[in-house]
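Trainee: First, the structure itself, so that you have it in front of you.
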Amino acid sequence: MTLTIRVATVQDLPRLQEIMNAAIGQLQADFLDPAQVESSRAVMGLDRQLIEDATYFVAEIDGQIAGCGGWSRRATLYGGDHSAGLREPRLLDPSSEAARVRAMYTDPAFVRRGIGRALLAHCEAAARAEGFAACELMGTAAGEPLYAIAGYTVLERIEDARGGAPVPLARMRKELVTA
């Protein structure tokens, strides 16, 4: 198994959407009821701004896309292009604000192979290289254990019900160690 990470392109969008849909539908099912899983689709997903900013990545195993995730220098904390009311495109100040880790998804066929950890580490390194001293993210119930193991701590818990049913989320933060 050879894992590689590269910048996502517009051509990757159809496969990334498939992975996101599968991950939301299958990986959240152990944590949310069916109405919450469906509701989460309204507040999760791909923000094409990340691809435009070249801060979104795909993880490939032997040439097959197995996961995706990114980071952002913009203020939007979570949500996809379709997520109402979440867009905040202003640029963050690395000297006083945390970079955002965004839209982390693993193809359910590839879970427990280190893909999420590799993407998360890649995003943190890229944010650190641009001068950010911390990262924040909005973690799902399925993603929170990975983020906790990676050193993120919960700042607040919210429920986002814009999709109909309340979806529990955790805003988390990690201070980045400078090399």
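Just so it is clear, none of the values below were taken in a lab; they were calculated from the coordinates. Small disclaimer: the values here were computed from a predicted structure and weren't measured. Counting neighbours? That spans all protein chains shown, and the Cβs are built from the backbone with ideal geometry, glycine included.
Trainee: I'd like to know which of Gly45, Ala22, Thr9 lies farthest towards the positive end of the charge dipole of the stretch 1-78, counting +1 on Cβ of Lys and Arg and -1 on Cβ of Asp and Glu.
Mentor: Toward the positive end, the furthest listed residue is Thr9.
Trainee: Mean-square fluctuation check for the chain, GNM, Cα pairs under 10 Å: which of Ser72, Ser95, Ser39 is largest?
Mentor: Result for the chain, Cα springs under 10 Å: Ser95 fluctuates most.
Trainee: Strictly greater than 19 Å: what percent of every Cα pair in the chain meets that?
Mentor: 54
Trainee: Relative contact order of the stretch 39-135: what whole-number percent is it, with Cα pairs under 8 angstrom and at least 6 residues apart?
Mentor: With pairs under 8 Å counted, the relative contact order is 30 percent.
Trainee: Also, I was wondering about something else. Where nothing but the Cβ of Lys and Arg (+1) and of Asp and Glu (-1) is charged, how large is the charge dipole of the chain around its Cα centre, in debye to the nearest 20?
Mentor: Working: 19 positive and 23 negative charges, 43 e Å.
It comes to approximately 200 debye.
Trainee: Let me ask something else about it. Just how large is the dipole of the stretch 35-87 about the Cα centre, in debye to the nearest 20, putting +1 at every Lys and Arg Cβ and -1 at every Asp and Glu Cβ? All intermediate terms of the calculation are to be shown ahead of the outcome.
Mentor: Details: 5 positive and 7 negative charges, 56 e Å.
The dipole magnitude comes to about 260 debye.
Trainee: Collect residues whose amide H, placed 1.01 Å from N in the peptide plane, falls under 5 Å from the amide H of Leu176; neighbours closer than 5 in sequence don't count.
Mentor: So Leu176 has HN proximity to Ala134, Cys135.
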